[in-house]
Amino acid sequence: MCPPYYPDMRAAARAFASLKFGPGGTYDPETPGPFQRTGEVKGSVKPYNEEFVAALGEMAQYIYTTYRRFPATMPTIVLRIIVQAQHIDTEFYDTHFEKGAYLDTHAQHMARWHSERDG
C-alpha cells in the first residue's frame, strides 16, 4: 500500500484504515472470521480516529520520502516470516476461535521442543 498504487502514504494510510474498519473490512462485524463469536469480537474493536490515521499517514510519508521505499529497511517479502507467532497459547485459541485455528505442530511444539528430557 504505497505509491504508485496510492498518490502518497497519507492516502495509503486512509485506505489501510478503510480496509480494516470499512464495509467488508477486517473488523466489520458482518464479515466472517475465525472466532467463536466473530461479530461480537470484531464489533468490540474501536476504529482508528482521524487523528490517528493522520499521524500514521505522516509517519509513513516521512519513511517513504526519506528512504524512497516503504517499509524502509526490510523487504516486504520477509515481513510475513517475521510476524508469525511462536509459543501460541493453545487454550486461548480453543476458547475463542473455531476449531482448526492452529496446526498440530503448534499443539505439539512445547512438548516436542521444550519438555524435560530423560537422561
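The values are calculated or read from the model by the stated rules, or taken from the named source; none is laboratory data. Computed from a prediction, not measured in an experiment: that's the story for all the values here. Here the Cβ is made from the backbone with ideal geometry for all residues, glycine too, and neighbour counts use every protein chain on show.
Listed values, structure above:
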{"item": "Hits in region 34-49 (condition: within 19 Å of ALA101 (Cβ to Cβ) and not small (Gly, Ala, Ser))", "result": "PRO34, PHE35, GLN36, ARG37, THR38, GLU40, VAL41, LYS42, VAL45"}
{"item": "Selected residue (criterion: surrounded by the most Cβ atoms within 10 Å (Cβ to Cβ)) from residues of region 56-74 that are part of a helix (DSSP H, G or I) and under 19 Å from the mean Cα position of the chain (by Cα)", "result": "ALA60"}
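For every residue, the table says whether it meets (1) modelled with pLDDT under 90; (2) in a helix (DSSP H, G or I); (3) surrounded by 12 or more Cβ atoms within 10 Å (Cβ to Cβ).
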{"position": "GLU40", "(1), (2), (3)": "no, yes, no"}
{"position": "ALA54", "(1), (2), (3)": "no, yes, yes"}
{"position": "ALA85", "(1), (2), (3)": "yes, no, no"}
{"position": "ALA111", "(1), (2), (3)": "yes, yes, no"}
